[in-house]
1. At 0.36 nm per residue, and after removing the present C-alpha to C-alpha distance, how many nm does the segment from His107 to Lys36 gain when stretched out fully?
2. Just the Kirkwood number for the stretch 4-230, please: inverse of mean 1/r across all distinct Cα pairs, in Å, one decimal.
3. Stretch Glu70-Ile236 to full length: gain in nm at 0.36 nm per residue minus the Cα-Cα span?
4. Working out 0.36 nm times the residue gap between Leu168 and Lys82, then minus their Cα-Cα distance, what length gain in nm do you get to one decimal?
5. Considering only Cα-Cα distances, which of the following residue pairs are longer than 21 Å: Lys20/Lys193; Lys62/Lys149; Lys106/Lys231; Lys36/Lys82; Lys141/Lys193?
6. Sticking with the crude label model, points 7 Å out along Cα→Cβ, report the distance from Tyr189 to Phe209 in nm, one decimal please.
7. Can you tell me which of 27-40, 173-186, 95-108 comes out highest on packing, and rank the rest after it, using the mean Cβ neighbours within 10 Å?
8. Computed FRET efficiency, Cβ-Cβ of Asp3 and Lys149, R0 45 Å: what is it to the nearest 0.05?
Amino acid sequence: MADLFHFKQFSIDQSGCAMKINTDGVLLGALAEVNKPQAILDIGTGTGVIALMLTQRFPEAKIDAVEIDETAAKTAASNFAKSQFVNRLTLFPSSFEQFFEANDDKHYNLIVSNPPFYINSLHSPGAGKKLAKHADVDFFKNLISDAAKHLTAEGMFWLILPVDTAELVKQLSIVNGLMIHHIINIRSYPESKPHRQIISFDRQQTNMFETQFVIYDALKQYSGQYQTALKDFFTIF
């Protein structure tokens, strides 16, 4: 099946999903960190790939995954059900606002999101891709506010974003009492400008640090960094 993507410990059926498995998602799933999480939330899980990667990485954790798109939610639920991690994964087919309203008492050690990120730009054709790719400023205001309210005291919130959108999110985090902990600048090649940032936020007043991540050393040649990050997941490594 062309839409079946095999990882080392699970498989992802992407049939009918507007957003397929992509570099942004797998990098977030591979790089998001927190010390021994027991409860994890994936906002906008799509196919469920990030949630499954985190379930593999953190064997003591239970993962809740929220997805507003009906087709994607069904696909993610099916991928969860077919995996060896099914007993630690729960899919909620709703918006994150509705999820938090219905689960006001839930708190998480780790919240992750690969959110829609195009703001004030031309919308993609097709309702599915529009929903998956585009957001407005209010979306990010609500996302940051809700995530901040539902983190444990030592919890961390990780996002992957285009650089321009990341600047907006950094400003919103301050308003909601979140501190930038780590910025990872993602570059296609060593000489490229960063096109994505993975950012982690927490409540701790600690020194922020910034690192670089390169995907390719040369054309069609994955960097050592990329291979190390994905070696536990991709069958090609």
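1. 24.1 nm
2. Numbers: mean 1/r = 0.0563 Å⁻¹.
Over the stretch 4-230, the inverse of the mean reciprocal pair distance is 17.8 Å.
3. Values: separation 166, 0.36 × 166 = 59.76 nm, distance 3.16 nm.
Computed gain between Glu70 and Ile236 is 56.6 nm.
4. 27.2 nm
5. On the way: Lys20/Lys193 24 Å; Lys62/Lys149 19 Å; Lys106/Lys231 33 Å; Lys36/Lys82 25 Å; Lys141/Lys193 27 Å.
Among Lys20/Lys193; Lys62/Lys149; Lys106/Lys231; Lys36/Lys82; Lys141/Lys193, the Cα-Cα distance tops 21 Å for Lys20/Lys193; Lys106/Lys231; Lys36/Lys82; Lys141/Lys193.
6. Going from the Tyr189 label point to the Phe209 one covers 3.0 nm.
7. On the way: 27-40: 19.2, 173-186: 17.6, 95-108: 14.9.
Peptide ranking by packing, descending: 27-40, 173-186, 95-108.
8. Calculated transfer efficiency: 0.80.
Read-outs: derived from the displayed coordinates by stated rules, not from any lab. As the structure is a prediction and not an experimental result, all values here were calculated from the model. Please note: Cβ atoms are built from the backbone with ideal geometry, for glycine as well, and neighbour counts cover all protein chains shown.
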